[in-house]
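Everything on this sheet refers to the single structure shown next.
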Amino acid sequence: MKDCRDIHNQVAIRDALLPKLISGEIRVKYAERLLKCRGES
């Protein structure tokens, strides 16, 4: 079950960050900081 949660978390992160990265709204450095704050990285 942990694998399913991990996959869902990764999908949620991707869905939240990818559009912002593509549009230039945020940069990779900022995205890395967001993930560290969330404890994802």
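Specify the residue that is farthest from ARG27 (Cα to Cα); the eligible residues are those in region 1-17 that are surrounded by 10 or more Cβ atoms within 10 Å (Cβ to Cβ) and hydrophobic (A, V, I, L, M, F, W, C). Residue satisfying both the conditions and the ranking: ILE7. Of the residues LYS36, LYS20, the single one that is among the charged types (D, E, K, R) and at pLDDT 90 or above is LYS20. Do you know which residues across region 18-41 are surrounded by fewer than 10 Cβ atoms within 10 Å (Cβ to Cβ) and not in a helix (DSSP H, G or I)? Within region 18-41, GLY24, GLY39 meet the criteria.
The values are calculated or read from the model by the stated rules, or taken from the named source; none is laboratory data. As the structure is a computational prediction, the values presented were derived from the model and not from experiment. Virtual Cβ from ideal backbone geometry, glycine too; neighbours counted across all protein chains shown.
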